[in-house]
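Only one structure is covered here, and it is reproduced in the block below.
Values quoted throughout were computed directly from the atomic coordinates according to the rules given, and no laboratory measurement underlies them. What you see is a predicted model; the values in this text were computed from it and never measured. Cβ: placed from backbone, ideal geometry, glycine included. Neighbour counts: every protein chain shown.
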Ligand SMILES: C[S@@+](CC[C@H](N)C(=O)[O-])C[C@H]1O[C@@H](n2cnc3c(N)ncnc32)[C@H](O)[C@@H]1O
């Protein structure tokens, strides 16, 4: 595989336009990013210094949500918008406790897909599908999905910082409704999503220079993604307060509160 800026990339990838997956990787201290991603990330941090902390809290949320799912007896996971593998990937958390757990990753970004495939080369019970997560038929109909997941059993569904990259014209509410519909009773959905305010509007402007536009939503719109699932305490909450509620000592940075987090169960 060719390299750009020392990062292995599939041919055809344009590293000159930053991508959300690679900016997030850079914010978390990863190395699968290009000069353009790092330059953009520095500008983002200069204007919105809380965004690195927000990325770290988000990754913490993912870990805690997977642990809650494992505790609830869930042994299969669908991670939508899984990103570039970094510390604490879903299969690593799940396999540490329950090696029999099965994990299907979905992302549409070529670098994220390539690096996940490399990481999973010798891993059983985890695989990657490159797809638009909004194409529910493509995701659920993929042969690897059908091999990896048994939808008659409870599923851990993760949509962690995914849907704020999805425009209204892709109808994210309907997409989520379709995923919720296939969940067996006992399944758990975990989601984070950027909340709309003046600062996030500035992030929207900045992100226009990347491959991923950002669409923050109101609290009601984000709550709507959970449909009639039972949202667990503390409800849909700023990610920092959500983690604090789980007994995790985190810096209650107001900026990072712009990311709302929630976990909900299907009866
Ligand atoms: C900020 S990363 C989040 C990674 C991981 N979920 C986490 O929270 O740690 C967002 C990921 O969503 C992916 N993404 C954005 N829109 C997508 C779509 N429509 N279908 C699949 N993946 C998408 C991006 O490529 C990126 O890898």
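Quick one: order 93, 203, 118, 84 by neighbouring beta-carbon count within 10 Å, fewest to most.
118, 203, 93, 84
Within a 10 angstrom radius of the beta carbon, how do 209, 265 rank from fewest other beta carbons to most?
209, 265
Just order 238-245, 189-196, 137-144 by mean Cβ neighbour count inside 10 Å, highest at the front, would you?
189-196, 238-245, 137-144
Nearest-5 percent of antiparallel DSSP beta bridges in the chain?
40
Only Cα pairs under 8 Å and at least 6 apart count here; give the relative contact order of the range 16-265 as a rounded whole percent.
Contact order relative to length: 19 percent.
Run the numbers for residue 31 and residue 143: contour at 0.36 nm per residue of separation, minus the present Cα-Cα distance, in nm.
Net length gain for the segment: 37.2 nm.
On a full-extension model of 0.36 nm per residue, what is the gain between residue 181 and residue 241, subtracting their alpha-carbon distance, rounded to one decimal in nm?
Between residue 181 and residue 241, full extension yields an extra 18.7 nm.
Going by average Cβ neighbours within 10 Å, how do the peptides 94-102, 158-166 rank, with the highest at the top?
158-166, 94-102
Could you work out the helix-only [θ] at 222 nm for the chain, with each DSSP H run of four or more residues adding -39,500 (n - 2.57) and the total divided by the number of residues, to the nearest 500 deg cm²/dmol?
It lands at -11500 deg cm²/dmol.
Please work out the FRET efficiency for the pair residue 204 and residue 46, using the Cβ-Cβ distance as r and a Förster radius of 22 Å; give the result to the nearest 0.05.
With R0 = 22 Å, the Cβ-Cβ based efficiency is 0.85.
Take residue 211 and residue 170, extend 7 Å from each Cα along the Cα→Cβ direction, and tell me the distance between the two endpoints in nm.
Placing both labels 7 Å beyond Cα along the Cβ direction yields 1.3 nm.
I'd like the distance between the alpha-carbon centres of the range 102-143 and the range 13-40, rounded to an integer number of Å.
With the range 102-143 and the range 13-40 each reduced to a Cα centre, they are spaced 20 Å.
Given 0.36 nm per residue, what is the gain on full extension from residue 251 to residue 228 after removing their alpha carbon distance, in nm?
Extra length from residue 251 to residue 228 when fully extended: 5.1 nm.
Taking springs between alpha-carbon atoms closer than 10 angstrom, which of 249, 107, 230 fluctuates most in the Gaussian network model of the chain?
So, out of 249, 107, 230, the one fluctuating most is 249.
Going by how many other beta carbons lie within 10 Å of each one, how would you line up 77, 215, fewest first?
With the fewest neighbours first, 77, 215 line up as 215, 77.
Nearest 0.05, what FRET efficiency do residue 151 and residue 118 give at R0 = 35 Å with Cβ-Cβ as r?
Plugging the Cβ-Cβ distance into 1/(1 + (r/R0)^6) gives 0.80.
Run through every distinct alpha carbon pair of the chain and return the Kirkwood hydrodynamic radius in angstroms, one decimal place.
Evaluated over the chain, this radius sits at 18.6 Å.
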